[in-house]
Amino acid sequence: MCAHPMEMDSRRQILFISYIIFTTIFCRLTLTNAQPAPGNFQEHYCNYAYTSNYTSNSVFKTNLDNLISFLSPDARFYNFSIGENPDRVYVIALCRGDVALDICSSCLRDANTKLRELCPREKQSIGWYDRCMLRYWDQPIFNMWQTLPNAYTYNLNTVSNGTTGQFNQAVKTLLSNLLDKASRGTSVQKFATGTIGTGPDNSTTIYALAECTPDLSRQNCSDCLNLTRVVLPECCSGRIGGRVLYPSCNFRYEIGPFYSETPNDGRPPTTNSTPPQPPDPGNGNNRTRNVIIIVISTIIFLILVIACIWIFMRKRKQRKWNQMNEGETSMEISTVESLQFDFDTIRVATNEFSDANKLGEGGFGSVYKGRLSNGRDMAVKRLSKTSSQGDVEFKNEVLLMANLQHRNLVRLLGFCLKGTERLLVYEFIANASLDKFIFDPEKRGHLDGSMRYKIIGGIARGLLYLHEDSRVRIIHRDLKASNILLDAEMNPKIADFGMARIFGLEETQASTRNIVGTYGYMAPEYAMFGQFSVKSDVYSFGILVLEMISGHKNSQSFGNEDSIEYLVSHAWKNWKEGTHSKFIDPTILDGSSSMSNILRCIHIGLLCVQEKVVDRPTMASIVNMLSSVSYTLKLPSEPAFLSIDPQNPQVGDHSKSTDTEPSINEVSISMLSGRS
């Protein structure tokens, strides 16, 4: 019967019976084991602060192997250490306050197993499941709030455009309420849940939870959760669900229920700050034996079902894969084609690419302002016809850039590809670039200290997105004041990706003979040796920060012929001597803005221009420095390039390179601004 061809109705009956069998088996397994499989971590990190590994026969590993025996089945929070220094293991484990104790115990055991697989030699590890978090380190981590490393996730679906602002405000209000409630918790639990209505007639209910590790003080818990305010607008604006994960706290919201009002076991939350005795393994053995019996019976049922439908499924599976591959290819083509503009539409919008509409011209082509029939303005870059880039590479590049979506990046709207014409279409930014403001004696007055601090923060968040949060890691390599555009609300947008490089997620640095960029903003290791990384952008960011605070270009000299200083050395000298007023732009010294923020920016700028790459902070650290006044800044040492003229660095002329071999990782797209 199994080998004989069947009619369609017979096939459906077999598939229906198979479905019933699978459902029954699944339910039996679920009821017997009663522990949901957590699957993959929401996020995890290994050796995130510094490199520190252990060996297979070390005392540290022995202590770490004993971690699982200290997780009792009657607690939701642990902070304990195992062993003695210097091989002591410090552990923090936390389950969500609404999770039943048996599920909590299972989740933490799974987390321990998973974390040891993903971080097999690292002494610093952290992993977040939906229901629990496990963290261990070789240094004390108790009673202190930390926001690094961190992660966020969000629902791909968004609310309608007309309700985005109201929805975001509702989330903020709910966060404020839960922040206060959670921080007022006890040393046993700092956990809060709540809801809020939004939308027409409050028809949409937002559910949220906030939680801190209970060892934090009330103030530390509040500060930790308060930092999620910074991340939420960047990651989750208008999203119907979002989550921010810190080592010491977390916040999540959804438009549907995802938590229990009370723990499923009905028992009060408990904590365990000292290592308990290892639990009796007897119950675990019984459970394992029951699972094995059910698995064996399951296999017998599956063999019978599979034997009946195997012949039919072979051909069906092949057809399914073919259709799936065709669908993926079609989806990719559809995504690219949906971004394509009609050439005649662009030609009309730019008035036949007239000189009156020309905004600028560069090595890659000319830029024109265009206006569509619906009144929308755009910037059109008409690439040079001598470009060697092929159609496939051009479309792949467009697809990549179109997926870079961040409020502090200029957005690519689409492209046009017709014959030898290659056009890139960007959002039109009405205001000029940043340099037109901070270096103009009259316009710089429009940017007070608070506004400059806001712009610096926006640039930092845009760079953080490029370095860590986008699908690929991107090094800009030409960050400078003229490549920062300001929209109508003076929000900064990073532009001009013509010299950017794409890194793989595991790639940290690279080198090149084809040195591109702008002297004065170049990091020393890049200008002299062609070595670049995310820290090269950090150096450029530091120069930009010092320019914004001082109102002077990095090429401007200070002092007399006997003692000439440039921007970095001028900042360093006044920092050491405490004469900050000699460095700060006089237009922001009127006391109307926070002087502490201005001084903090100088401090951060000097940290960014350190000569040693390892001494420069990451963009993630910089964002935290700008967001939290409680973030302690280390003292800077003498920066790089103190006595070198940025416009004549004497490190070799790299403006024209004989290295013409193209790189597959080069991104040859520029983003443009309107006229000032």
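Please determine, by comparing only the residues of the range 478-511 that are within 16 Å of LEU447 (Cβ to Cβ), surrounded by 14 or more Cβ atoms within 10 Å (Cβ to Cβ) and among the charged types (D, E, K, R), which one is nearest to the chain's Cα centre (by Cα).
LYS493
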Exercise for the section: With respect to SER106, determine if the residue is under 32 Å from the mean Cα position of the chain (by Cα) and modelled with pLDDT under 85. Expected result: no
Problem - Residues (part of a loop (DSSP other than H, G, I, E, B) and within 19 Å of ALA460 (Cβ to Cβ)) located in the range 523-542 - result: ALA523
Completion exercise
Scanning the range 63-90 for residues that are hydroxyl-bearing (Ser, Thr, Tyr) and either modelled with pLDDT under 90 or assigned to a loop (DSSP other than H, G, I, E, B) (or both), the one surrounded by the fewest Cβ atoms within 10 Å (Cβ to Cβ) turns out to be SER69
Problem - Among (1) in contact with a Lys or Arg (Cβ under 9 Å, 6 or more places away or on another chain); (2) of a type in the set (A, V, I, L, M); (3) surrounded by 22 or more Cβ atoms within 10 Å (Cβ to Cβ) - the single one VAL230 does not satisfy - result: (3)
Handout entry: Of residues in the range 91-144 being β-branched (Val, Ile, Thr) and over 17 Å from PHE70 (Cβ atoms), the one surrounded by the fewest Cβ atoms within 10 Å (Cβ to Cβ)
Key = ILE103
Exercise for the section: Give the residue that is modelled with the highest pLDDT, with candidates limited to residues of the range 352-393 that are part of a strand (DSSP E or B) and among the hydroxyl-bearing types (Ser, Thr, Tyr). Expected result: TYR368
Exercise for the section: Report the residue count in the range 424-442 for those that are more than 15 Å from ALA495 (Cα to Cα) and modelled with pLDDT under 90. Expected result: 2
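Residues are listed down the side, and each one gets a yes or a no for (1) in the same structural domain as HIS446 (by TED's automatic domain parsing); (2) at pLDDT below 95; (3) assigned to a loop (DSSP other than H, G, I, E, B); (4) surrounded by fewer than 22 Cβ atoms within 10 Å (Cβ to Cβ):
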{"site": "LEU544", "(1), (2), (3), (4)": "yes, no, no, no"}
{"site": "ASN597", "(1), (2), (3), (4)": "yes, yes, no, yes"}
{"site": "HIS603", "(1), (2), (3), (4)": "yes, no, no, yes"}
{"site": "LEU633", "(1), (2), (3), (4)": "yes, yes, yes, yes"}
{"site": "ASN648", "(1), (2), (3), (4)": "yes, yes, yes, yes"}
Problem - Condition broken by ARG422, with the remaining ones in (1) part of a loop (DSSP other than H, G, I, E, B); (2) in contact with a strand residue (DSSP E or B) (Cβ under 6 Å, 6 or more places away or on another chain) satisfied - result: (1)
Practice task
Go through the range 116-147 and give me each residue that's of a type in the set (Val, Ile, Thr) and farther than 21 Å from SER222 by Cβ.
Solution key: ILE126
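Yes or no, residue by residue, for (1) acidic (Asp, Glu); (2) at positive phi; (3) in a helix (DSSP H, G or I):
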residue	(1), (2), (3)
ILE474	no, no, no
ASP478	yes, no, no
LEU485	no, no, no
MET490	no, yes, no
LYS493	no, no, no
GLY498	no, no, no
ARG513	no, no, no
Handout entry: Of residues in the range 214-235 being in a loop (DSSP other than H, G, I, E, B) and in contact with a helix residue (DSSP H, G or I) (Cβ under 8 Å, 6 or more places away or on another chain), the one modelled with the lowest pLDDT
Key = LEU227
Practice task
Inspect the range 42-61 for any residue being loosely packed, with under 12 Cβ neighbours inside 10 Å and either in a helix (DSSP H, G or I) or at pLDDT below 85 (or both) and give the result as yes or no.
Solution key: yes
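The values are calculated or read from the model by the stated rules, or taken from the named source; none is laboratory data. Here the structure is a predicted model, which is why all the values come from computation and not from measurement. For neighbour counting, all protein chains shown are included, and Cβ atoms are generated from backbone atoms with ideal geometry for every residue, glycine included.
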